[in-house]
Amino acid sequence: MLNENDFIEIDYIARIKDNGIFDLTNKEIAKENNIYNKDFKYKPVIICLGKGDIIKGLDSKIIGKDIGKYTIELNPEEGFGKKDGKLIKLVPTKEFTKQNIKPMPGMQLNLDGFIGRIISVTGGRTLVDFNNPLSGKNLVYEIEIKRKITDKKEQLEGFLDILFKDYKLELKDDEAVIDTKISKEMEESLKKEILERVKIKKVTFKINNEK
């Protein structure tokens, strides 16, 4: 039985219930469904249960299960939340035009660091939904829990894969040396997170490159 803080390797297909796939780990299934992205690295993922590596509802429903295949349904509260009316806002259309953007219904864009989808454009006003596109949706995950991971280097690699595209890792005598680009502000909190997850003695960042 799997417990909180266990590292596991999983494959999954995530669907909006009665609708299409929005996330998956299998390249061949992506190709079969015409959603293959050549820039995406399709492979099983390593997660630490109870640490927020996946959405909370899925995380909690995996805890207590065994290695194997499962179909898990999540309601909006267990997934990406209900739609929040306060996150649907009227924005002056001139805010877009001064950035040389012609707003169109359905367009997704970044506005002051927030991702939104345009619902409608009427006169000088544009209605934008800043809710997560998956909020308010019932979700279905087809998940295979492939194995429990006890090797410390593999645990650490799984966590680093979530955070970084490029890194080098050395682990010897329970001391990890990580070579990657990271800000000074992030370094200490990340060291603490690693030591809470993986039972090693020390973490050092070999190169600390300010972004």
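The values are calculated or read from the model by the stated rules, or taken from the named source; none is laboratory data. Not measured: the values here are computed from a predicted model. As a convention, Cβ positions derive from the backbone with ideal geometry for all residues, glycine included, and neighbour counts pool all protein chains shown.
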* Selection count, region 6-20, where residues are surrounded by fewer than 16 Cβ atoms within 10 Å (Cβ to Cβ) and within 18 Å of the chain's Cα centre (by Cα) -> 1
* Val121 passes all but one of (1) among the aliphatic types (A, V, I, L, M); (2) part of a strand (DSSP E or B); (3) within 26 Å of Gly79 (Cα to Cα); which number fails? -> (3)
* Among what's in region 191-206 and is charged (D, E, K, R) and under 25 Å from the mean Cα position of the chain (by Cα), pick the residue that is nearest to Asp6 (Cα to Cα). => Arg197
* To do: From the list Ile47, Ile35, pick out the single residue that is at pLDDT below 95 and of a type in the set (A, V, I, L, M).
  => Ile35
* Counting only residues that are outside the structural domain of Ser120 (by TED's automatic domain parsing), in contact (Cβ under 8 Å) with a residue 60 or more places away in the chain and on the phi < 0 side of the Ramachandran plot, give me the helices (runs of 4 or more DSSP H) lying completely in region 13-101 with at least 1 of them. => 56-62
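Looking at region 99-111, is at least one residue among the β-branched types (Val, Ile, Thr) and modelled with pLDDT under 95?
yes
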* Does Tyr141 satisfy the condition of being of a type in the set (Phe, Trp, Tyr) and either under 20 Å from Asn75 (Cα atoms) or surrounded by fewer than 16 Cβ atoms within 10 Å (Cβ to Cβ) (or both)? -> yes
